[in-house]
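The values are calculated or read from the model by the stated rules, or taken from the named source; none is laboratory data. Since the model is a prediction, treat every value here as computed from it, not as a measurement. Here Cβ is always computed from backbone atoms with ideal geometry, including for glycine, and neighbour counts include all displayed protein chains.
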Amino acid sequence: MTSRLADVKTDSREPQVDLSVRIGRLTLANPVMPASGTFAEGLEQVFDFNRLGAFVTKTITRDYRSGNPTPRVAETASGMLNSIGIPSKGLATFLSDTLPFYRRYRPPLIVSISAPTAEQFAELARELTVPGIAAIEANISCPNIEADGRAFAMLPDSTETVVRRLRAATELPLWVKLTPNTADIAAVASAAEAAGADALVVANTILGMAVDADTFRPRLGSIMGGLSGPAVKPIILRMTYQAARAVSIPVIGCGGIGTAEDAVEYLLAGATAVQVGTATFLHPNATPEIIDGLATFCCRRGIARIEDLVGALVLDDASLPAAAS
Amino acid sequence: MTLARPGQFFHLLCTGEMGMLAPFFRRPMSAYLADPSSGRLEFLYKVNGRGTRALAALQPGEELNVLGPLGRGFRLDPSWKNIVVVGRGVGLATLAPLAEAAAAQRIKVTAILSARRPDLLMSAERFQNTGARVLPVYDSDGSSAPEEVEKLLDRLIASRLADAFFVCGSQRLLRLLQRFSETHAIPGQVALEQQMACGLGMCFCCVRPFREDGKIAQRRVCWEGPVFNLQEALA
């Protein structure tokens, strides 16, 4: 028996390769960061937070939210369905308690935010434009109450509207987290770029559902929820590729990444950095292990700078659609 | 130096030979025995789902990835001389290490152990070996009925043998103990269960409702618990 809490190494070797990446005007020491909602202060027992490329907070809202009814998660084949419902202690508690905690560490702090309207999104971003916050990640995959509950990022128009308001509200780098539940990820990505996003995060969870055949009930308290984990990787990898082709701003890949090889696949498909989420729930030190694994991968393949992997997917002429040539 | 405090839990990665059928999440399980001198860790479980089936399929010598100890365990106030632990089913596995810790602090333990039938009562010997006075109660002879357990509690309180209550494994016993705790102003703690994903306070899926300043607050069983103030838990 091994206890991971006891045997986790905090590996502080200098990487022999340059793992740093640029996301707009931010430079990250390495391209690996937690996905929003899959990270908390408790992980401090497991690894050295200064190893992260960046922190990404759980999504905060302006006011207190208690979250969704339980059960809030269900396990699926190689995946996880969740409908946590963005429980949040609100902006004031974030500024008084959470922000000082993260300021003790070196990695830049990215604050994920959510709001029910474009104006409230902008207002929250304005209030978070304070020292110690390196960038805003706008979680526009949440329901827009002005559009019958449809997520902002479902359509290019609503994406452009909310990102434009956010852009006007803050000078901080603005990352926009997209939803995979859209028909045209490239069009939504282009709309976010046109409205002033500095980077895109592709993507939030895929809407799904699970039913208990014994009880005839849905497995989630709110019936439907977001699918994540290894099950979604091929879909989100494809969307990362499509989004990265459509825009010239950096794309951050997020979907089913659990190993350094997964991360390499996302970089090759066009991601400049990656976010690790569900994997951390199973292996709390997944993130530092992926960082170590990326350094090892680059050494083994003679890659001096990890940025050289970004978009380095090798395509034979024959695999390109005729219309593109 | 302790391997785990009573009431703390470990998060078990139940993989093994199950392949695609293995459960995706870890499974939280409180330590049945955590002996620092031998480095021995024991879990007591009932096979009733994919996680426990995968555990049961493990062969001697195979490795099991465990994360922990996690969470906040039971707290024993040095001023307590006599405590009452009340448990049912696998809840007894959580309470057995508490009885041992109490004995080590010279706190006398009365253990009301509830089961459907005498042959299904687990761990009575573990409690007896700590010097605890064991009062088994059963559904089969009616002794586990609330009014019967209430009589036991009344006698223990009258004999000044109840400085604190500890409960695990039954919502019905939880409600009963909450009532006694409030009526007699006796403090108490409850170890609660909830489905978990991360076990480290990140995912917020294992929340349960608690009374807090006249309001209802959601707390994480893995992080703020799994042991909570008896009066604050909403049964």
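Run down B:Leu177, B:Leu173 and say which single residue is more than 20 Å from B:Lys46 (Cβ to Cβ), in contact (Cβ under 8 Å) with a residue 40 or more places away in the chain and not aromatic (Phe, Trp, Tyr).
Of the residues listed, the single one that is more than 20 Å from B:Lys46 (Cβ to Cβ), in contact (Cβ under 8 Å) with a residue 40 or more places away in the chain and not aromatic (Phe, Trp, Tyr) is B:Leu177.
Within segment A:64-80, track down each residue that is touching a helix residue (DSSP H, G or I) at 6+ places or on another chain (Cβ under 8 Å) and among the polar types (S, T, N, Q).
A:Thr76, A:Ser78
Given (1) touching a residue at least 12 places away in the same chain (Cβ under 8 Å); (2) in contact with a strand residue (DSSP E or B) (Cβ under 9 Å, 6 or more places away or on another chain), where does B:Ser159 come up short, assuming only one miss?
(1)
Can you spot a residue in segment A:202-213 that is under 17 Å from the mean Cα position of the chain (by Cα), buried (at least 20 other Cβ atoms within 10 Å of the Cβ), aliphatic (A, V, I, L, M) and not in a strand (DSSP E or B)?
Scanning segment A:202-213, I find at least one residue that is under 17 Å from the mean Cα position of the chain (by Cα), buried (at least 20 other Cβ atoms within 10 Å of the Cβ), aliphatic (A, V, I, L, M) and not in a strand (DSSP E or B), so the answer is yes.
Please go through segment A:299-317 and pick out each residue that is within 12 Å of A:Gln16 (Cβ to Cβ), assigned to a loop (DSSP other than H, G, I, E, B) and touching a Leu at 6+ places or on another chain (Cβ under 7 Å).
The answer is A:Ile303, and nothing else.
So in segment B:11-27, with the set limited to residues that are in contact with a Ser or Thr (Cβ under 8 Å, 6 or more places away or on another chain) and facing chain A (nearest Cβ under 9 Å), which one is modelled with the highest pLDDT?
By that ranking, first place goes to B:Phe24.
Any chance you could count how many residues in segment B:108-120 are surrounded by fewer than 20 Cβ atoms within 10 Å (Cβ to Cβ) and either at pLDDT 95 or above or not hydrophobic (A, V, I, L, M, F, W, C) (or both)?
Looking only at that region, the number is 5.
On the basis of being more than 8 Å from chain B (Cβ to nearest Cβ), surrounded by fewer than 16 Cβ atoms within 10 Å (Cβ to Cβ), touching a residue at least 24 places away in the same chain (Cβ under 8 Å) and of a type in the set (Gly, Ala, Ser), does A:Gly53 make the cut?
no
So, of the residues in segment B:28-75 that are buried (at least 17 other Cβ atoms within 10 Å of the Cβ), hydrophobic (A, V, I, L, M, F, W, C) and without any contact (Cβ under 8 Å) to a residue 40 or more places away in the chain, which turns out to be nearest to the other protein chains (Cβ to nearest Cβ)?
Checking each candidate, the answer is B:Leu41.
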